[in-house]
Structure formats: structure tokens, C-alpha cells
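The structure under discussion appears below in the form of C-alpha cells.
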Amino acid sequence: MRLRNVKYAPELIAAHPDIIIANPEIIKGKWHECFENHNQIEIEIGCGKGKFITEMALRNPTKNFIGIEKFDSVIIRALEKVIENPIGNLRLIRMDAANINEVFDKGEVTRIYLNFSDPWPKKITAKRRLTSQEFLIRYSLVLAKNSEIIMKTDNQSLFDFSLEQLQEHDKFELKRVIKDLYQELPTDNIQTEFEQKFVEAGNQIYYLKATYKGASSANLLIDIKK
């Protein structure tokens, strides 16, 4: 999908460093200072235009939320939502998710949401999938024990791949697998922009929840860089 350039995005982003964190790596290990509390932190990787993460933050004021998005032209829409309706327990980061372990310290994150991530369908790009072993290693470096990964997708191939990857990783345990979300819809489900379109089009939505079971060593970074 081609992204439309938003000419004013860099200026608007720069004008709101209180919402979009410019240098998140300097806050690593100190996110409680950024939020001015010690509440749990949940993140959405690929927050898009921010519908999901803003609604999560509004519904859960005793938790902190961070939306991560790579592209200016997309995250600007999330920023505009927060400017219009300020949300004190929400921050945004414009970055590549591959750098997640440079931004969060061990145990700082209690839940990761992966909503309708890019499936990277070619075999040669499998490492870029957000549930590949490379990314699961990165998550293990920032997640607290007994924290969760929750994923939704309309892509069956990506879903099957994700199940395999999680089952192969000894630190993650699958807790819930739903192959047709709207037949077993959780009461706390919040739709993303993509999800609304997919459901209206009659697409099947897949869902999984996995728990991170334990501590991990920083030596795993060696495996990421191979």
C-alpha cells in the first residue's frame, strides 16, 4: 500500500514532543518518569492512525499506553487524535519496531499488541514479520514475566506462521487461539481502522494470545544480528 505524503507532518510532530517522544532511547528504563507514575505499560506495534491505542488508553486510565509507528504520514493521524482529545496516559513513538529493545528496558512492558501487521508474504522477508523468532527475541528483552502478546490479523498464512514461531520459542506459551474472532468475540475487543474494513468486507479475523513465561538473557541479541 502506497502511503500519501503529509507535508506538514514533520513540523506538527516536532511541535508536540510531549506526545510523540523524539528520542525515546534516552528514556529506556525510565518510562515511569515520563508518565509520572509506576503503572503498567502496554504497547501497540504498528499503531497506524491510532484508533485502537487511543481507545485503549481512554478505557484504561490506570494503565499507560504507547503507540509505535514507523511512518510520519500515518502516525500524524494518531497525533491529531490526541491533540484534539488529550490523553494523559498515552504516548507515541515514531520508530522501526526492530529497535524496541533500545527503547525499553527489561520488564518495562506488560503487553504487546500486534494488530493487522504487514504479513511480508515472501519467504526472503520472513524475518521482518513481527512474530518471527528475531522479533520474539526482541520482545523477550523488554517484557515482564507473565506479560502477554495479543495478535489480530486477517491473513491466515501470517497467523499460521505466528503460531509456529510462538510454539518453537520456549519462553512463550499460547493461551488462546481463535480462528474466527467474530464467532467468539471477547467483550473487550476494540476494532482498528483496518479491522472495521475487513469485517465489513466479510474477512475472517484470527486472534491469539501468548504469555511470556520468564527472564531472558541479553546474549540473545547475538541471534538477532546474525
Exercise. Consider Lys127 against the criteria (1) under 13 Å from the mean Cα position of the chain (by Cα); (2) under 13 Å from Ser162 (Cα atoms): it satisfies all of them except one. Which criterion is unmet?
Worked result: (1)
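Can you spot a residue in segment 92-101 that is under 16 Å from Met56 (Cβ atoms) and either touching a Pro at 6+ places or on another chain (Cβ under 8 Å) or touching a residue at least 24 places away in the same chain (Cβ under 8 Å) (or both)?
Looking only at segment 92-101, we keep the residues that are under 16 Å from Met56 (Cβ atoms), and these are 92-93.
Then keep just the ones that are either touching a Pro at 6+ places or on another chain (Cβ under 8 Å) or touching a residue at least 24 places away in the same chain (Cβ under 8 Å) (or both); that gives 92-93.
Scanning segment 92-101, I find at least one residue that is under 16 Å from Met56 (Cβ atoms) and either touching a Pro at 6+ places or on another chain (Cβ under 8 Å) or touching a residue at least 24 places away in the same chain (Cβ under 8 Å) (or both), so the answer is yes.
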Exercise. Across segment 52-74, what is the number of residues that are more than 22 Å from Thr131 (Cβ to Cβ), touching a Lys or Arg at 6+ places or on another chain (Cβ under 9 Å) and modelled with pLDDT of 95 or more?
Worked result: 4
For this session: Please tell me if Ala78 is touching a Gly at 6+ places or on another chain (Cβ under 7 Å), in a helix (DSSP H, G or I) and either buried (at least 23 other Cβ atoms within 10 Å of the Cβ) or modelled with pLDDT of 95 or more (or both).
Result: yes
Problem set entry | Identity of the residue in segment 164-208, in contact with a Lys or Arg (Cβ under 8 Å, 6 or more places away or on another chain) and of a type in the set (Ser, Thr, Tyr), that ends up nearest to Tyr139 (Cα to Cα) | Tyr207
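Would a scan of segment 47-63 turn up a residue that is closer than 22 Å to Glu108 by Cα and small (Gly, Ala, Ser)?
We begin by selecting, within segment 47-63, every residue closer than 22 Å to Glu108 by Cα; these are 47, 50, 52-63.
Okay, now just the ones that are also small (Gly, Ala, Ser), so 50, 57.
Yes: segment 47-63 contains one or more residues that are closer than 22 Å to Glu108 by Cα and small (Gly, Ala, Ser).
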Exercise. Can you find a residue in segment 140-153 that is surrounded by fewer than 17 Cβ atoms within 10 Å (Cβ to Cβ) and in contact with an Asp or Glu (Cβ under 6 Å, 6 or more places away or on another chain)?
Worked result: no
Exercise. Does Thr153 meet the test of being out of contact with any helix residue (DSSP H, G or I) (no Cβ under 9 Å at 6 or more places or on another chain), hydroxyl-bearing (Ser, Thr, Tyr) and under 26 Å from Thr54 (Cα atoms)?
Worked result: no
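Which of the residues that make up segment 41-76 are of a type in the set (Gly, Ala, Ser) and over 15 Å from Asp188 (Cα atoms)?
Taking segment 41-76 and keeping what is of a type in the set (Gly, Ala, Ser), we get 46, 48, 50, 57, 67, 73.
Correct list: Gly46, Gly48, Gly50, Gly67, Ser73.
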For this session: Quick one: which residue in Gly48, Gly67 is buried (at least 18 other Cβ atoms within 10 Å of the Cβ), in a loop (DSSP other than H, G, I, E, B) and in contact with a strand residue (DSSP E or B) (Cβ under 7 Å, 6 or more places away or on another chain)?
Result: Gly48
Problem set entry | Test result for Lys106, more than 14 Å from the chain's Cα centre (by Cα) and part of a helix (DSSP H, G or I) | no
Exercise. When the residues of segment 121-167 are filtered to those that are β-branched (Val, Ile, Thr) and assigned to a loop (DSSP other than H, G, I, E, B), which remaining residue is farthest from Glu193 (Cα to Cα)?
Worked result: Val142
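In segment 7-15, is there at least one residue being touching a strand residue (DSSP E or B) at 6+ places or on another chain (Cβ under 6 Å) and modelled with pLDDT of 95 or more?
Initially, segment 7-15 is screened for residues touching a strand residue (DSSP E or B) at 6+ places or on another chain (Cβ under 6 Å), giving 13.
Then drop every residue that is not modelled with pLDDT of 95 or more, which leaves none.
The answer is no; no qualifying residue exists.
The values are calculated or read from the model by the stated rules, or taken from the named source; none is laboratory data. As the structure is a prediction and not an experimental result, all values here were calculated from the model. Every residue, glycine among them, receives a Cβ derived from its backbone with ideal geometry; neighbour counts consider all protein chains shown.
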